[in-house]
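The values are calculated or read from the model by the stated rules, or taken from the named source; none is laboratory data. Just so it is clear, the structure is predicted and the values come from calculations on it, not from any experiment. Cβ coordinates were reconstructed from backbone atoms using ideal geometry, including for glycine residues, and neighbour counts include every protein chain displayed.
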Amino acid sequence: MTEFAAEIEKLAEHLLDLFCENLGLEKGYLKKAFYGSRGPTFGTKVSNYPPCPQPELIKGLRAHTDAGGIILLFQDDKVGGLQLLKDGKWIDVPPMCHSIVINLGDQLEVITNGKYKSVEHRVNVQTVGTRMSIASFYNPGSNALIYPAPELVEKMKEENAPIQYPRFVFEDYMKLYPELKFVAKEPRFEAMKAMEPHFQSQLLDFERELRIKSTISK
Ligand SMILES: [Fe+2]
């Protein structure tokens, strides 16, 4: 399990660097943005979805976007059920052997100022077969300061796109998330934006702490 976690973490960080390249950000920017002062958080969740002869009576896993950063999902290789929302339509993600489904969470949407979107997904209940999945989450550290990358904001200003995403500490987002998980993500972003003035002194403290740490490590 330790080896599995280490490899998945390495893969997530490699993906973050590929995203940096794609977004025109300096290599390592996203990894740093996730780091906070204690490093990223990482976890694995195994899920089991038993079949139901009357799937219309239950909801399965309701539509939501994930709160964190990158989610690496090993799907069942035989039983489907996962769908994602694309251009207003639910699309099946078929079972695929020896493959990992990469899912982006809300924090990447904020940091990229909406260049990348967290994906809305759900799991429908099947009538035949038990679906197993293993999802590994690579999330920001609890005290990571999350905000749109200034470079992307500048670029978007030139394109006259408004700065729309809030600035917050990841653990505060996670306090809000459970209550608003199964609604659209926009109210979560708006709630964090509304709380920005309230968190101002806390944000300044975190910024100061991070600056001190980076000065010491130089
Ligand atoms: Fe999810």
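The rows are residues; the columns are (1) modelled with pLDDT of 95 or more; (2) closer than 30 Å to THR2 by Cβ.
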position: LEU84; (1), (2): yes, no
position: PRO95; (1), (2): no, yes
position: ASN124; (1), (2): no, no
position: ILE134; (1), (2): no, yes
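Quick check on my filter: what residues within segment 117-140 are of a type outside the set (Gly, Ala, Ser) and more than 16 Å from the ligand (Cβ to nearest atom)?
Within segment 117-140, GLN126, THR127, VAL128, THR130, PRO140 qualify.
I need the full set of residues from segment 96-115 which are surrounded by fewer than 20 Cβ atoms within 10 Å (Cβ to Cβ) and either over 11 Å from the mean Cα position of the chain (by Cα) or away from the ligand (no atom under 16 Å from the Cβ) (or both), in order please.
MET96, CYS97, HIS98, SER99, ILE100, VAL101, GLY114, LYS115
Based on this model, can you work out whether ASN48 counts as more than 16 Å from the ligand (Cβ to nearest atom), among the polar types (S, T, N, Q) and either touching a strand residue (DSSP E or B) at 6+ places or on another chain (Cβ under 8 Å) or without any contact (Cβ under 8 Å) to a residue 60 or more places away in the chain (or both)? Even if it seems obvious, please write down each step before you answer.
Details: more than 16 Å from the ligand (Cβ to nearest atom): no; among the polar types (S, T, N, Q): yes; either touching a strand residue (DSSP E or B) at 6+ places or on another chain (Cβ under 8 Å) or without any contact (Cβ under 8 Å) to a residue 60 or more places away in the chain (or both): yes.
When the stated conditions are applied, ASN48 does not pass them.
Identify, from the list ARG62, ARG38, the residue that is within 13 Å of the ligand (Cβ to nearest atom), under 20 Å from TYR177 (Cβ atoms), exposed (fewer than 14 other Cβ atoms within 10 Å of the Cβ) and under 19 Å from the mean Cα position of the chain (by Cα). Give the steps one after another, and end with the answer.
Details: ARG38 fails: within 13 Å of the ligand (Cβ to nearest atom).
Sole residue among the options that is within 13 Å of the ligand (Cβ to nearest atom), under 20 Å from TYR177 (Cβ atoms), exposed (fewer than 14 other Cβ atoms within 10 Å of the Cβ) and under 19 Å from the mean Cα position of the chain (by Cα): ARG62.
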